[in-house]
Amino acid sequence: MKISGIYQIMNIINHKIYYGSSNNINNRWNHHKRLLNRNKHENEHLQNSWNKYGANSFKFEIIKECLEHQLYEVEQFYIECTKLAPHRFYNIAEDAKSFNRGKIPWNKGKKGLQVGSNKGLKFSKETRQKISLFAKTRTGSKNSMFGKKQSIETKIKMRLAWIKRKSNKKDISLSII
């Protein structure tokens, strides 16, 4: 039977809770178990606890049945409760409607991946010249026009072709709407 509502996954050893919502709670629980057993759950905190305590240490419960159109609103209430004592919950997301709720960003805690890897480093003049020379030789080998100038006629033709492509894209996007 298809049940719509809010559920919790509780660790019966440390009493931490994960709240979630679904329009088909039984399928959602099976999905959670499948990911947790394969060590692929998007909520790293819940996954680590599952690995540490084992499947038998977790209890799944439906805590509130509600209509499908009420799911996010009701789940948001429970997520707000997790903010009051975050150490007691596995939930990571602060918003029930957020796209990546429960997922750890790919670059969390990895300094240097959010920005260019050389940002803030000062290179000597000799090193800068070596980097420049390498970039010039590398770029030149991949692009047959590297270092060459294009005629004015060619530039005009390329500009007109670009404008035509741009206007076609607008026509296509407007026809979709």
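The values are calculated or read from the model by the stated rules, or taken from the named source; none is laboratory data. In this text, all values refer to a predicted model and were calculated from it rather than measured experimentally. We place every Cβ from the backbone using ideal geometry, glycine too, and count neighbours over all the protein chains shown.
Given the conditions (1) within 23 Å of ILE13 (Cβ to Cβ); (2) modelled with pLDDT of 85 or more; (3) of a type in the set (S, T, N, Q), report the number of the one that THR82 does not fulfil.
Against the list (1) within 23 Å of ILE13 (Cβ to Cβ); (2) modelled with pLDDT of 85 or more; (3) of a type in the set (S, T, N, Q), THR82 comes up short only on (2).
Which of (1) surrounded by 18 or more Cβ atoms within 10 Å (Cβ to Cβ); (2) part of a helix (DSSP H, G or I) is the odd one out, the single condition GLU80 does not satisfy?
(1)
In region 55-71, which residues are exposed (fewer than 14 other Cβ atoms within 10 Å of the Cβ) and assigned to a helix (DSSP H, G or I)?
Scanning region 55-71 gives ALA55, ASN56, GLU68, HIS69.
Among the residues of region 1-54, which ones are of a type in the set (Lys, Arg) and either surrounded by 15 or more Cβ atoms within 10 Å (Cβ to Cβ) or at positive phi (or both)? Spell out how you get there, then give the answer.
Narrowing region 1-54 to residues of a type in the set (Lys, Arg): 2, 16, 28, 33-34, 38, 40, 52.
Hits for region 1-54 are LYS16, ARG28, LYS33.
Among (1) loosely packed, with under 10 Cβ neighbours inside 10 Å; (2) modelled with pLDDT under 70; (3) among the small types (Gly, Ala, Ser), where does GLY140 come up short?
(1)
Right, SER173: at pLDDT 70 or above and among the hydroxyl-bearing types (Ser, Thr, Tyr) or not?
So SER173 fails the test.
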